[in-house]
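What follows is calculated from the coordinates using simple rules that are stated; it is not laboratory data. Computed from a predicted model, the values in this text were never measured in an experiment. Heads up, the Cβs are rebuilt from the backbone with ideal geometry, glycines too, and the neighbour counts pull from every protein chain shown.
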Amino acid sequence: MKYLLIYLLSALLLHASGENHQVKIIEKIISEISIDKKIVIWSDNKKILSILENNSMFETTQRCNSATVIVLESKDTLPRKCSSKHIFVLNYKLLSEIPRSFGALFWKKGRPNIVILEPRVESQNIKITKDLEPYLEERVW
Amino acid sequence: MVKKRELFLFISLFFLGLFFLYLYDYIKQAQDDIFTSIESNKMKNISYLFKNIEENLVTKNRVKDSDTLVKLLSDTKSRQAYEEHLSLLLTPSIKYIYLLSKDKKGRYRFLLDASKTDKANFYQKFDVKEKEYQELYRTKSPQVIRQNNIENLFLTYLYPVKVDGEVIAILSVDITTKIKNVVLELIKPIETFFVVLIIFIFLLMIMSIMQIFHYFITRKKIFTDLLTQLYNRNYLHEITPMLKLERYSVAMLDLDRFKVINDTYGHKTGDFILSQSAKIFKDSIRDSDILIRYGGEEFLLFIYDRGDGDSALRVCERIRENIGAHLYSYDNHDIRMQVSIGVHEHPSLEKNITQAIKIADKMLYIAKSKGRNRVVVYDEKSKSTKYIEEKDIDFVKEALQEERVTCHYQPIYDHNSKKILKYEALVRIIDNNEKIISPAYFLPGLKHTNIHYKLTQRILSIVFEKFKENSSHVSININFSDLINIDIENTIVKELQNNKNLASRVTFEILESDEIENIELFKEKIELIHSLGSKVSIDDFGSGYSNFRTIIDIEANFLKIDGSLIKNIDKNEKDFKVVKSIVLFAKEANLKTIAEFVHSKEVYDKLQQLDLDYMQGYYIAQPLEVLEVEKNLFQDAFSQ
């Protein structure tokens, strides 16, 4: 929790400085979850994918098919064959539009916000650490 | 002694820099004051509006707690109505207005969001971590959050919506940096101006520091003698205006027979001796004393009067003893050195520092002539020294410029043939009062100076010119340093080489001097005189150190016996014996003898008993501007 807060705070401070910090938060959030398979990340945002590929502890893939976790920026870029994977979105609205999405990182009024949907996490057998609990939501408002 | 100009510039720049830094800080503070003023003004307006909204929302709807508020605003219509109402407050500087409520888990949720952009959903969670949110619930009073890095937000104002004194929600407004930017834009040129000015002053300060640093570096180079690492004469010029002579004694130091060291062991050894001696000098004095390499092997020392009994004489004696006790070992040679020192203990009594140094130099000369390795202190009460000092270099310089230098001629008499053999040319200066000044009053002060050489040249010109016109013989006094001066040599050679008749009538009377250390060079110069057809006489023989071997070697023609042996010869038997011996020696060496200082009949008669060749003195004839003839001799002898 402490680390996530530090990340959030630093992201807040350095929001204007680019996607690196956003990726750091994403990486931190994903590191706080566990699924029954090895985490392999794919993203429709090539920059994020590239940063994760070069600096992350997670494995990444260029093919959505091979991924186990998807970081999604836009609904339109989600391949149908991947719609059943664990999806983490970068827009609050996408949580409503993509039923498989289990959480989101987005900017609201200049502040970074994290939402983890509890029912979806449970239904997808995703286990989360205590650090993520403050961000759990019952539903999408 | 930093140059005052640079120091003043540096201090001025420093204070100017401080002043502008203060101004810059003042502007920054003024800027903060402006922001605070804008902030409080804005907050005041918003507070007033929020109070109305709070009243409308809570009182009209009889809201009792946050749950009833959530329930009320969960209705889309009433929510829209309030959001529309709130949106009226949006301006270019007010970006977001929203109502937050804390849920049971302590998370903040949007109840209303009147923002046009980035609008939140009803009851959507809002992650805020600033302590001011907690503070608002605790203090139940508005809070302001200064935003530094959130998009383009300047500050966030939090207003507590209260029921019965309890906070049930927060009305929040995010104000953009627009106003701040406007203020900053307005202030920026002034701020930039001051920043540039401060940088400029800072650079100037660095430049002046560099200049001062450079000054010290070059100053050290300019004022330091490379070999000895002592101050040089440039330093003397630098300190002269500031030096308080009443606090110092002046000493002139000269290493004895240094030329011999140079000639015998070479210049490298000479340099080694100089640097070692400088070190010994420094070790023998204190930091408050000033030691200067005055030139060659000469050193000038200003001894600070410490008032502790360590007198200038004691300091100089210490230096002399330390130099004498030191064994200089260089290139397998062990060398002992000595130093002669001339001291003027009260230089402030002189009209200037140059005069004081000149007197110390004279004392040094006396120390040398008394046998070296000694300290001679100037006695201000000594009249003779004073007298000599009165007619100094400037006196002679002016006389040369104004052509007031002349010669008087004293006959040298052949008492056997009753004929005048020749005339000795004796220099005189006619002073501004038409008074004839004898050389005793100005020659001692000229020693080794350029003026001395110029004076000798002038005498030669006068004498050559006069004797070209007649057939008489003449003696000219010249010392060794004159003889080795190239200009004087050129004058002699130029005049006599092409005038054999004149050359054959000229005798050069070489003064017996302790400077004739380089015998070979001395012989070489005498040979030159002989080669021109002129004669050589040894002057003042018997007064000093004469080396009989050298006298014979140089094949001199005449030997002039020193006046100190002649003047009392009629009363002093010892002098008579000495003169008799000299005459015998001269006969053996085939030298003609001349007795000078024949001032009385008694002396003249006594000298007749000896086999002397010639006589000269006031008894026979005094020096005159014209050439005296035989018939006028013995007429006014010693009448003056």
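Key figures for this structure:
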{"read-out": "Sum of side-chain charges, residue A:138 neighbourhood, beta-carbon under 14 Å (Lys, Arg +1; Asp, Glu -1)", "value": "+2"}
{"read-out": "From the C-alpha gyration tensor of segment A:2-137, square roots of 5λ in Å", "value": "20, 17, 15"}
{"read-out": "Phi to ³J(HN,Hα) by Karplus 6.51 cos²θ - 1.76 cosθ + 1.60 over segment A:124-141, Hz, x for Gly, Pro", "value": "9, 6, 8, 9, 10, 7, 5, 4, 8, 4, x, 9, 6, 10, 6, 7, 8, 8"}
{"read-out": "Segment B:233-388: antiparallel DSSP beta bridges as a percent of all, rounded to 5", "value": "90 percent"}
{"read-out": "In sequence order, calculated HN-Hα J values of segment B:318-332 (Karplus, 6.51, -1.76, 1.60; Hz; x Gly/Pro)", "value": "4, 4, 4, 5, 5, 5, x, 7, 7, 9, 8, 10, 8, 6, 6"}
{"read-out": "Three semi-axes of the equivalent ellipsoid, segment B:1-138, Cα gyration tensor, whole Å, largest first", "value": "53, 16, 13"}
{"read-out": "Mean-position separation - Cα centroids, segment B:112-169 and segment B:305-352, in angstrom", "value": "90 Å"}
{"read-out": "Whole-number percent relative contact order across segment A:2-137, with pairs defined as alpha carbons under 8 Å at least 6 apart", "value": "20 percent"}
{"read-out": "Amide hydrogen neighbours beyond the local backbone of residue B:96, cut-off 5 Å, H modeled", "value": "B:174"}
{"read-out": "For segment B:153-160, Karplus couplings with θ = phi - 60° (6.51, -1.76, 1.60), whole Hz, Gly/Pro x", "value": "8, 9, 7, 10, 10, 10, 10, x"}
{"read-out": "For residue B:424, residues with placed amide H under 5 Å, excluding near neighbours", "value": "B:410, B:412, B:475"}
{"read-out": "Translational diffusion of segment A:93-140, µm² s⁻¹ [Kirkwood Rh, Cα pairs; Stokes-Einstein; 25 °C; 0.890 mPa s]", "value": "221 µm²/s"}
{"read-out": "Within 10 Å of each Cβ in B:112-120, the average number of Cβ atoms from other chains", "value": "2"}
{"read-out": "Label point distance in nm, residue B:134-residue B:553, each placed 7 Å from Cα along Cα→Cβ", "value": "10.9 nm"}
{"read-out": "Gyration tensor (Cα) of the protein assembly as shown, equivalent ellipsoid semi-axes in angstrom", "value": "118, 30, 22"}
{"read-out": "Rounded D (µm²/s) - chain B, Kirkwood Rh over Cα pairs, Stokes-Einstein at 20 °C, 1.002 mPa s", "value": "63 µm²/s"}
{"read-out": "Amide H within-cut-off set for residue B:540, under 5 Å, with H built and near neighbours excluded", "value": "B:560"}
{"read-out": "Calculated on alpha-carbon atoms, Rg and Dmax of segment B:141-193 in Å", "value": "15.8, 55"}
{"read-out": "Proportion of all alpha-carbon pairs of segment B:391-632 beyond 21 Å (%)", "value": "58 percent"}
{"read-out": "Spread of Cα-to-Cα distances over 5 Å intervals beginning at zero, given as percent, for segment B:78-151", "value": "3, 14, 22, 24, 24, 12, 2"}
{"read-out": "Too-long pairs where the Cα-Cα distance tops 30 Å, listed order kept, from B:419/B:535; B:362/B:574; A:46/A:93", "value": "B:362/B:574"}
{"read-out": "Average Cα contact separation per residue, chain B, under 8 Å, 6 or more apart, as relative contact order %", "value": "8 percent"}
